[in-house]
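A short write-up of the structure that comes next.
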Amino acid sequence: MIAEDGLDYATAKRKAARQVAGDARIEGAWLPDNDQIEEEIREYQALFMGESQPAVLRRLREIALDWMLRLARFNPFLTGAVLNGTAGEHSDIHLQIFCDNAKDVAIWLLNANVQYDVSETRHFAARGYVETLSFLWKPSRDEEPVGIHLALYNTDDLRGAVRADPRGRLPRADARALQALIDESGATSTT
């Protein structure tokens with residue numbers, strides 16, 4: 001469901017639990033954690049998408065880098081499946097923006113003729129919700145549009161944003177780190 005349909009982890013867990021147990025409520029302790037799911041996605045992609053997924057991932061990373069460079073004055077960081085390498089053809093790009101005034105980002109998008117929707121995303125440190133600007137970006141006439149989500153954080157949140165997880169992985173990357181991932185990939189560019 002995640003690899004082929006682009007569902008997020010939480011929705012996929014709920015849907016899979018319903019398929020197995022029907023309407024019975026299943027406690028979260030019985031469900032796989034996100035690290036287990038990520039490992040299974042990697043195995044699935046290696047088995048069934050081994051030839052196409054690396055090129056799709058590289059394309060999404062290149063689009064993310066392009067937008068990070070455009071939004072450089074707002075301290076953008078990449079997070080999610082495009083960063084961790086499990087992104088597929090239905091994956092969106094998730095950027096975290098750290099700036100003093102979220103309205104400046106909205107105004108910048110309007111001046112760039114980007115139409116966006118406003119929603120909320122859970123704060124990465126579980127401190128409520130942050131405003132999120134989402135839009136579809138079509139890099140060229142021949143390509144499918146890509147969803148891009150800009151979660152808007154205060155500049156002060158940047159201090160807590162760079163902590164590694166228990167496995168030592170950083171949950172976000174700046175443009176320089178993303179460029180290094182693209183350079184390491186060795187896959188042929190599709191853009």
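Coordinate-derived values only; no laboratory data. Just so we're clear, the structure is a prediction, and the values are computed from it rather than from any experiment. Note that each Cβ is placed from the backbone with ideal geometry, even for glycine, and that neighbours are counted across all protein chains shown.
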Could you list the residues of the range 82-116 with an amide nitrogen less than 15 Å from a label point located 7 Å from the Cα of ASP174 in the Cα-to-C-beta direction? 96-99
Going by how many other Cβ atoms sit within 10 Å of their own, how do LYS13, LYS103 line up, fewest first? LYS103, LYS13
Just rank ARG122, ARG61, fewest to most, by other beta-carbon atoms within 10 angstrom. ARG122, ARG61
List the aspartates and glutamates whose alpha-carbon lies under 13 Å from that of LYS15, not counting same-chain residues fewer than 8 positions away? ASP5, ASP23
Sort 108-118, 20-30, 131-141 for me by packing, meaning the mean count of neighbouring Cβ atoms within 10 Å per residue, highest on top. 131-141, 108-118, 20-30
Going from the fewest other Cβ atoms within 10 Å to the most, one would list PHE124, PHE74 as PHE124, PHE74
Efficiency of FRET from Cβ geometry, ASP23 and ASP157, R₀ 35 Å, rounded to 0.05: 0.35
